[in-house]
1. Among the numbered criteria (1) small (Gly, Ala, Ser); (2) in a loop (DSSP other than H, G, I, E, B); (3) surrounded by 23 or more Cβ atoms within 10 Å (Cβ to Cβ), which one does Gly547 miss?
2. Checking the condition farther than 30 Å from Glu374 by Cβ, modelled with pLDDT of 95 or more and not assigned by TED's automatic domain parsing to the domain that holds Glu178, which residue from Gln574, Gln501 passes?
3. Among Gly307, Gly301, which is the only one that is in the same structural domain as Leu126 (by TED's automatic domain parsing), of a type outside the set (Ser, Thr, Tyr), in contact with a strand residue (DSSP E or B) (Cβ under 9 Å, 6 or more places away or on another chain) and under 30 Å from Ala544 (Cα atoms)?
4. Counting only residues that are out of contact with any helix residue (DSSP H, G or I) (no Cβ under 8 Å at 6 or more places or on another chain) and in contact (Cβ under 8 Å) with a residue 60 or more places away in the chain, how many does region 670-680 have?
5. Scanning region 109-154 for residues that are away from the ligand (no atom under 16 Å from the Cβ), farther than 24 Å from Val692 by Cα and of a type in the set (A, V, I, L, M), which turns out least open to solvent (accessible area, probe 1.4 Å)?
6. Please go through region 155-213 and give me each residue that is more than 11 Å from the ligand (Cβ to nearest atom), farther than 21 Å from Val692 by Cβ and charged (D, E, K, R), ordered by number.
7. Examine region 65-88 for a residue that is within 16 Å of the ligand (Cβ to nearest atom), at positive phi and open to solvent by 20 Å² or more (accessible area, probe 1.4 Å), and state whether such a residue exists.
8. Is region 72-83 home to any residue that is under 23 Å from Val351 (Cα atoms) and either without any contact (Cβ under 8 Å) to a residue 24 or more places away in the chain or assigned by TED's automatic domain parsing to the domain that holds Lys208 (or both)?
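The values are calculated or read from the model by the stated rules, or taken from the named source; none is laboratory data. Model, not experiment: these values are computed from the prediction. Glycine also receives a Cβ, built like all others from the backbone with ideal geometry; neighbour counts cover every protein chain displayed. Accessible surface is based on the protein model in full, side chains and every heavy atom, while ligands, DNA and RNA are left aside. Shrake-Rupley method; radii C 1.70, N 1.55, O 1.52, S 1.80 Å.
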Amino acid sequence: MKTLNASLLVTAVAMAICASAPTAHAASTQPWTDSNKASVQRTELLLKAMTLEEKLLLLFGYASGDQLAQVDSTIIPGVNAKEVAAKVIPGSAGYIPGIPRLGIPAQYQADASIGVRNPYLERTSLPSSLATAASWDPRVTEAGGKMIGLEARLSGFNVMLAGGINLAREPLNGRNFEYTGEDPLLAAEMGAGLIRGVQSNNIISTVKHYLINAQETGRTLVSAQISEPALRMSDALAFELAIEKSSPGSVMCSYNRINDVYACQNDKWQNQVLKRDWGYKGYVMSDWGAVHSTVQDANGGLDQQSGFPFDKVPYFAKPLRDAVDDGSVPLARIDDMARRILWAMFDKGVVDHPVKTGPIDYAAHAQVSQAAAEQSLVLLKNDAGVLPLSPTAAPKRVAIIGSYADKAVLAGGGSAVVTPIGGNAVPGLGPGGWLTQVWQPSSPMKALQKQLPATQFAFDAGTHVDAAAKAAAAADVAIVFVHQWTAESLDAPSLSLDGNQDAIVSAVAKANPNTVVVVESGGAVLMPWHKDVKGILAAFYPGAAGGEAIARLLTGAVNPSGRLPLTFPASTDQLVRPKIGGKSEGPLFTVRYTEGAAVGYKWFDLHGHKPLYAFGHGLSYTSFELGGLQASQAKAQMTVKFSVKNTGHREGASVGQVYIRAPQSARWEAPRRLVGFGKLALKPGQTGTSAVNVDPRLLATFDESTGEWVIAPGMYEVQLGAGSDDIRATAKLALVGRRFTSAQLRR
Ligand code: GLC
């Protein structure tokens, strides 16, 4: 695709936006413009002033680009597709017209969780969401969200389709890189941080993809079969907690079916759970092409059809008007749909703070991305102190091998991939088109050369075993960069690294005892050579400054503090399903999630599997003592306190993880659950303390016959760990029984 003249693009957008900003005059005749009024009040005032046509206008979104311009106007009567297409920011995800008469701005939608994704706009990429989830620090994802939300705003967007938090139920899921791991609490906390950050720019964020969109293979064909209690206690719990902790303006319903009913028409999970039980006030937007009807989707809780013509039919255009006319969709439902969208626009600041394009401080933003990566990458192995490669005792010769480490770091593919500042560092790889592999122009080798100026570096492409071994043999330390590209719409064919990467690592390890491996991946990968190498750093997709972050962690300029947000299995035999079910073409199919809520480490605990690297695992260049564990319960609220001491000689950050083991009588899905965590940065000798208020839902099972959470009375074991497999202290706590609903918790 040719690159548009950027300044032309910016001007066009600026003109389109300014036309809709509310004016001071409006305040008198248009009381909803009074920002002193509550969002709910302003919404009702505005709704009263709207015609039915204007309400319907808010419910139907367009995609960008040539596709829309080709749409025959008989398909969307009364709409000139070419005129609409001219208003959409080229290359962006979507657009919903504004209503200037009422001061309602147009909605300009941009992807996604890792940065502003647009083939025509070069923007700053965060590390993948899975990577920043590994920081176990919501402040990291909040800072990241703040940065990408600002870039969205300064690019003319007021809706950012961020907030992917689907649990990594399937280790092969091609989009795990876009999500926040395998545990509901961690996924929620890290996703909520991102959403808060994005929305701090007075724009709307989403949380997505609702619900249990656990694989990419046949994502529009699959029906996720799972019991209500299991779903409530796993994927749905991640959404429930994330929504409470971040109040996203919108929830994006997913492509798949949930127990045979498409997510975007699923009355149970949209109306009864999300809107009734959880009291959600925002709006449900569809994923792009995830709508299947007018009446069933509208009455099933969908509020806005996104990205026409991704769907075959403009269900929420004239057909929705017809459905109102014939009474199959009540007028009250139309009001509710418009109300939710307007509420989100008022509540998140979209109406009062119209977006305006402007200059972006890319240098500062690269720093934000680098800081996030430095807090996130996980040191998995460090035998014999092969790391850090300290400048004061730097190796004379270092071989850098593989994965274009002399020029780039890898990013995940699909609608989340950000066009790098400076363009794709390794063009022409991958399936092509929207699935072209993108490599961020941030070279680990160049960054290492800066950190270790006295060291001699040699680069080998890592494509031929003999050459790689030769390069390794000639060096004091060999660093092999391996990579696994994953992307939206595809699942990983296997957890093994592709090509001859495993053979390269083994050959290098044989040629040089001081071999370190850096893994750039979308999630968990198998490491048949893990015993043969001395050091392993999980870099995931480390973002726009990933090379610099990797170098600073390998040389000890920064002490690694990441902890795994998902389990790295020792073999696929340990998985619930060694293979992803179904096909991307052909008939509808079902995947039965028989593991229920026992996702990730819970499954491993349940079956006594020892993973290669456990959930919550991560090493440091210093050491920590965890203790001072106290668990108490007052007025049905459980609180856990603990302390951490840095017992080493350099500063570092530790993540205290609190797990609870329930009595058998509690009938949990697995022996243990993560119920809290705290990250503490400590100087040598310093002790820090942390307190965790345990959300009662994390101690409960869900009773679908009454719609209540149930905490069983009994003796519970509280565990304090530096990883799920590294428990340092335990305490017992007797809990009284308790029944409650999510709604009661909100009172
Ligand atoms: C995609 C994705 C969704 C994205 C949307 C707009 O298919 O599933 O995450 O926000 O369409 O690009």
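1. Among (1) small (Gly, Ala, Ser); (2) in a loop (DSSP other than H, G, I, E, B); (3) surrounded by 23 or more Cβ atoms within 10 Å (Cβ to Cβ), Gly547 violates only (2).
2. When all the criteria are applied, what remains is Gln574.
3. Selected residue: Gly307, the only one of Gly307, Gly301 that is in the same structural domain as Leu126 (by TED's automatic domain parsing), of a type outside the set (Ser, Thr, Tyr), in contact with a strand residue (DSSP E or B) (Cβ under 9 Å, 6 or more places away or on another chain) and under 30 Å from Ala544 (Cα atoms).
4. Matching residues across region 670-680 total 1.
5. Among residues in region 109-154 that are away from the ligand (no atom under 16 Å from the Cβ), farther than 24 Å from Val692 by Cα and of a type in the set (A, V, I, L, M), the one least open to solvent (accessible area, probe 1.4 Å) is Met147.
6. Listed by number, the residues that qualify are Arg169, Glu170.
7. Yes, because at least one residue in region 65-88 is within 16 Å of the ligand (Cβ to nearest atom), at positive phi and open to solvent by 20 Å² or more (accessible area, probe 1.4 Å).
8. So far as region 72-83 goes, no, none of its residues is under 23 Å from Val351 (Cα atoms) and either without any contact (Cβ under 8 Å) to a residue 24 or more places away in the chain or assigned by TED's automatic domain parsing to the domain that holds Lys208 (or both).
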